[in-house]
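The values are calculated or read from the model by the stated rules, or taken from the named source; none is laboratory data. Source: prediction; values computed, not measured. Glycine also receives a Cβ, built like all others from the backbone with ideal geometry; neighbour counts cover every protein chain displayed. The accessibility values were calculated without ligands, DNA or RNA, using every heavy atom of the protein model including side chains. Shrake-Rupley method; radii C 1.70, N 1.55, O 1.52, S 1.80 Å.
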2 protein chains.
Amino acid sequence: MKDYDVLVIGAGTAGLNAYRQAKAQGKTAALIDGGPLGTTCARVGCMPSKLLISAANANHAVKKARMFGIETADPVVNDEAVLKRVRFERDRFVGFVMEGIDNIPEEHLIREYAEFIDDHTVQLSGGRKLSAKTFVLAVGSRPRHVPILDGAEDLVLSSDHIFEIEKIPERVAVFGPGVIGLELGQALSRLGADVRLFGRSGSIGGIRDPEIRDYATKAFAEEFYTDTKATIHSVRKEGGKAIINYDHKEKGRIEESFDFILTASGRVSNTDRLKLENTSIVLSHRKVPAYSNSTMQCGDSHFFIAGDANDEIPLLHEASDEGKIAGKNAATFPKVDPGHRRTQLGIVFSDPEIASIGQSYESFDELVIGRVSFEGQGRSRVMGKNKGLMHLYAEKGDRRLRGAQIFGPSAEHLGHLIAWTVQQGLTVDQILEMPFYHPVIEEGLRTALQDLQKELDQV
Amino acid sequence: MKDYDVLVIGAGTAGLNAYRQAKAQGKTAALIDGGPLGTTCARVGCMPSKLLISAANANHAVKKARMFGIETADPVVNDEAVLKRVRFERDRFVGFVMEGIDNIPEEHLIREYAEFIDDHTVQLSGGRKLSAKTFVLAVGSRPRHVPILDGAEDLVLSSDHIFEIEKIPERVAVFGPGVIGLELGQALSRLGADVRLFGRSGSIGGIRDPEIRDYATKAFAEEFYTDTKATIHSVRKEGGKAIINYDHKEKGRIEESFDFILTASGRVSNTDRLKLENTSIVLSHRKVPAYSNSTMQCGDSHFFIAGDANDEIPLLHEASDEGKIAGKNAATFPKVDPGHRRTQLGIVFSDPEIASIGQSYESFDELVIGRVSFEGQGRSRVMGKNKGLMHLYAEKGDRRLRGAQIFGPSAEHLGHLIAWTVQQGLTVDQILEMPFYHPVIEEGLRTALQDLQKELDQV
């Protein structure tokens with residue numbers, strides 16, 4: 001006799017959904033979480049970053065008003081007020097999450113850490129042992145440790161701590177031009193910080209399409225120092241500052257000092273803290289449990305994994321779906337059903353925004369591309385947002401729209417529109433039968449669709 | 001032997017498309033237009049209004065920056081610079097339209113007005129007569145004449161002339177809270193004008209849903225004086241000002257003076273200038289030719305009508321479709337085919353925006369509504385745009401989404417997303433299988449869909 005039918009480890013977005021699904025199936029279940037409650041998204045992810053971005057874009061909008069004939073004095077960033085709103089609104093969102101958590105009976109929310117001692121038993125940090133028929137691993141992820149930054153000690157902040165700063169830094173270095181580094185780096189820059197954004201592999205914002213990646217890299221570099229293939233020689237702490245010795249793109253090897261360093265070089269799964277070696281779980285080459293993306297089951301075992309813990313792209317809406325699928329299947333195990341997965345949609349809330357939809361650039365056999373530039377797009381120009389590119393993807397010989405990459409205005413909205421048509425398997429011809437109002441940015445999508453149509457007619 | 005196969009009267013959006021389609025069918029065709037070229041949309045409609053709105057919203061954004069912690073001095077509206085950009089960019093858009101017109105052989109673009117003398121012959125204003133096998137009436141519309149405003153003479157401006165003003169007025173009265181009056185009234189208000197917006201029927205921005213109409217009316221009234229059921233006693237000109245004697249909502253009957261009056265009480269078809277009484281065309285009760293919305297044919301005659309001339313909602317994307325259908329059918333007459341029509345989509349670029357999609361509120365037998373308020377919607381709140389309502393419509397016993405009314409942030413984008421699903425006949429359940437990113441305004445749509453799902457489950 002086990003203590004529970006289902007034990008869910010991790011009370012974030014995925015874990016909460018898994019727990020609720022298991023309960024909905026009439027099973028006994030509990031959540032185990034020794035860390036801060038309130039979800040990564042609400043506490044240190046989506047919400048506070050969007051709040052900081054809103055303040056940054058407000059400052060940017062004031063500076064930009066002159067292009068419309070609106071004269072303003074230079075705006076003053078009131079650090080205290082900016083950060084106060086970010087934290088106040090964030091706490092409000094966390095509060096909503098906590099309200100949901102408060103509905104969970106106290107005995108079902110175990111505020112301890114867990115480690116496996118065998119395939120059906122975990123030991124809690126307090127010493128107690130709990131057993132269950134099945135487990136959902138929803139332990140989330142943490143910012144990746146970057147060894148070269150160790151020299152700067154406490155001046156290295158991750159997104160876990162950036163929203164607690166007292167003031168906007170005068171100078172900040174950002175390591176990692178992925179989603180988080182790009183969003184926060186640009187926001188800090190637009191709030192007055194002198195930013196250096198460093199990458200290593202040449203990638204930026206998760207863009208896979210080389211033409212769009214190059215365009216975006218150039219666009220960001222016009223706004224703040226950006227080197228996506230940086231050479232960093234050393235990082236140390238001196239006189240309360242972080243000193244970075246690096247090869248500057250124009251000046252050659254230099255040393256510069258920074259108030260702090262934001263580290264954003266990806267995230268790693270927390271599954272390495274679960275002592276999975278005491279279980280029969282098979283790890284993938286990425287050192288996380290191998291699992292099925294449709295059932296969330298690890299092999300054919302009684303372990304299920306959901307959310308950022310699985311080391312796929314960390315997205316709230318995916319974590320939520322995965323939690324539901326994992327929780328339901330953990331409850332009905334050994335009966336396991338594939339859950340509904342949605343067309344891939346990734347968005348970076350930079351300005352311009354980045355969106356990645358459906359199949360990515362490198363996944364096609366014979367890629368056919370429909371193109372549009374936002375530089376001449378009517379409404380984008382009206383709003384002074386005429387910067388960016390959009391590429392639509394199809395496979396040669398098949399008129400269905402399969403994917404897209406956008407760097408441009410309203411990419412979050414275009415991204416939804418495109419993802420919904422991709423999920424339905426619509427052809428470019430069918431999509432062109434839909435209404436496009438005037439003057440809207442969606443007309444840029446129409447131009448790209450017409451271009452794709454022409455390309456498909458030729459090949 | 002007729003002079004032409006197809007004569008298209010009016011060289012605007014509809015007429016240009018009709019002409020090109022007729023030519024594409026291998027027919028002889030010509031355009032007749034004695035008025036200013038460049039399309040209503042580019043010259044005095046969509047484009048300059050969106051440009052004025054962009055400046056107005058830029059000014060508004062500066063004032064609003066404080067809520068994010070960005071401190072600014074009060075912005076100064078540089079009238080000259082604002083209006084210069086509006087006209088410069090407008091002229092650029094008109095230039096693109098003119099480039100397209102310049103490709104038309106000179107002898108096919110007849111710069112005169114036309115009146116019918118019989119079913120197959122028009123007399124041009126220069127005296128010449130031209131005959132054709134078929135005709136496309138694409139003569140557009142003009143602002144409706146409002147008799148009570150006659151007393152203010154030259155101080156009454158319509159959208160035809162508003163973009164030529166030298167400075168932003170200090171005080172302006174707007175007659176008609178439809179799309180144009182609302183967009184331009186709010187824009188002038190946000191550029192510093194003291195605005196009075198007067199309506200008569202209680203309607204605003206074309207909103208058919210009473211709950212949303214009331215909400216929107218209140219929201220606009222908080223920003224500038226709005227009375228959608230105004231009683232105007234008299235309008236006269238005195239000392240270079242327009243004097244309006246009216247019942248003020250709080251102050252009772254008063255007189256106020258205005259720099260000018262913007263008249264925006266709808267538009268009327270220019271077909272009354274064609275001497276259609278000399279033809280066999282049958283007029284509808286609205287005094288425009290009765291016609292088929294799918295073929296654009298007037299009765300079973302050799303006359304076709306397209307664009308604003310038909311007195312339906314004046315929308316560029318509809319005019320463009322109608323022109324193509326009319327031109328093609330005029331060319332192939334007596335063979336006439338129904339053309340592809342799109343799901344209705346109307347957008348007002350006010351702030352918040354208004355969108356009307358698909359079937360409207362009053363067209364249902366047993367209406368089921370799914371609701372969301374943007375006041376508590378996460379991302380809307382992050383951006384300080386948490387104002388508005390969205391209603392989704394279904395018919396009892398049928399889970400397909402049929403229509404929607406939105407007053408809220410990003411309604412132009414939500415409008416496309418919804419219109420595209422309505423056109424495909426998707427059910428609320430199918431739509432909920434699509435990806436919704438986080439945190440986005442589209443999550444508000446999800447909330448409304450879930451509410452609609454619940455309502456449909458109950459009835």
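Would you mind finding the one in B:295, B:343 that is open to solvent by less than 50 Å² (accessible area, probe 1.4 Å), within 14 Å of chain A (Cβ to nearest Cβ), at pLDDT 95 or above and not in a strand (DSSP E or B)?
When all the criteria are applied, what remains is B:343.
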Exactly one of these conditions fails for residue B:369: (1) free of Cβ contacts under 8 Å to residues at least 40 places away in the same chain; (2) in contact with a Phe, Trp or Tyr (Cβ under 8 Å, 6 or more places away or on another chain). Give me its number.
(1)
Only residues that are buried (at least 24 other Cβ atoms within 10 Å of the Cβ) and in a strand (DSSP E or B): list them for segment A:23-50, please.
A:29, A:31, A:32
Could you tell me whether residue B:393 is among the aromatic types (Phe, Trp, Tyr) and open to solvent by less than 20 Å² (accessible area, probe 1.4 Å)?
yes
Which of (1) assigned to a helix (DSSP H, G or I); (2) surrounded by fewer than 23 Cβ atoms within 10 Å (Cβ to Cβ) does residue B:167 not meet, given it meets every other one?
(1)
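With respect to residue A:258, determine if the residue is out of contact with any Phe, Trp or Tyr (no Cβ under 9 Å at 6 or more places or on another chain) and surrounded by fewer than 19 Cβ atoms within 10 Å (Cβ to Cβ).
No, not satisfied.
Matching residues to (1) buried (at least 21 other Cβ atoms within 10 Å of the Cβ); (2) away from every other protein chain (no Cβ under 13 Å); (3) over 28 Å from residue A:53 (Cα atoms):
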position	(1), (2), (3)
A:354	yes, no, no
A:366	no, yes, yes
A:376	no, no, no
A:379	yes, no, no
A:384	no, no, no
Of the conditions (1) among the aliphatic types (A, V, I, L, M); (2) under 26 Å from residue B:408 (Cβ atoms); (3) over 26 Å from the mean Cα position of the chain (by Cα), the single one that residue B:392 does not satisfy is (3)
Please find, within segment A:59-105, the residue that is farthest from residue A:319 (Cα to Cα) out of those that are in contact with a Lys or Arg (Cβ under 8 Å, 6 or more places away or on another chain), at the interface with chain B (Cβ under 7 Å from one of its Cβ atoms) and touching a residue at least 40 places away in the same chain (Cβ under 8 Å).
A:68
Taking segment A:428-455 and keeping only residues that are open to solvent by 30 Å² or more (accessible area, probe 1.4 Å) and more than 7 Å from every other protein chain (Cβ to nearest Cβ), one is left with A:429, A:430, A:446, A:447, A:450, A:451, A:453, A:454, A:455
Filter segment A:208-237 for residues that are among the charged types (D, E, K, R) and part of a loop (DSSP other than H, G, I, E, B); the one that is farthest from residue A:371 (Cα to Cα) is A:229
Exactly one of B:408, B:415, B:403 is within 14 Å of chain A (Cβ to nearest Cβ), closer than 28 Å to residue A:432 by Cβ, touching a residue at least 60 places away in the same chain (Cβ under 8 Å) and under 22 Å from the mean Cα position of the chain (by Cα), and that residue is B:415
Any idea which of A:42, A:56, A:29 is under 28 Å from residue A:121 (Cα atoms), in contact (Cβ under 8 Å) with a residue 40 or more places away in the chain and small (Gly, Ala, Ser)?
A:29
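Checking the condition touching a residue at least 40 places away in the same chain (Cβ under 8 Å), over 21 Å from residue A:40 (Cα atoms) and assigned to a helix (DSSP H, G or I), which residue from A:331, A:326, A:319 passes?
Values: A:326 fails: over 21 Å from residue A:40 (Cα atoms); A:319 fails: over 21 Å from residue A:40 (Cα atoms).
Within the list A:331, A:326, A:319, the selection yields A:331.
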Of (1) without any contact (Cβ under 8 Å) to a residue 40 or more places away in the chain; (2) more than 30 Å from residue B:61 (Cβ to Cβ), residue B:304 satisfies all except one. Which?
(1)
Some residue of segment B:305-327 being open to solvent by less than 20 Å² (accessible area, probe 1.4 Å) and in contact with a Cys (Cβ under 7 Å, 6 or more places away or on another chain)
yes
Condition check: more than 7 Å from chain B (Cβ to nearest Cβ) and out of contact with any strand residue (DSSP E or B) (no Cβ under 8 Å at 6 or more places or on another chain). Does residue A:33 satisfy that?
no
Just wondering, is there one or more residues in segment B:306-316 that are within 14 Å of chain A (Cβ to nearest Cβ), among the acidic types (Asp, Glu) and within 24 Å of residue B:112 (Cβ to Cβ)?
yes
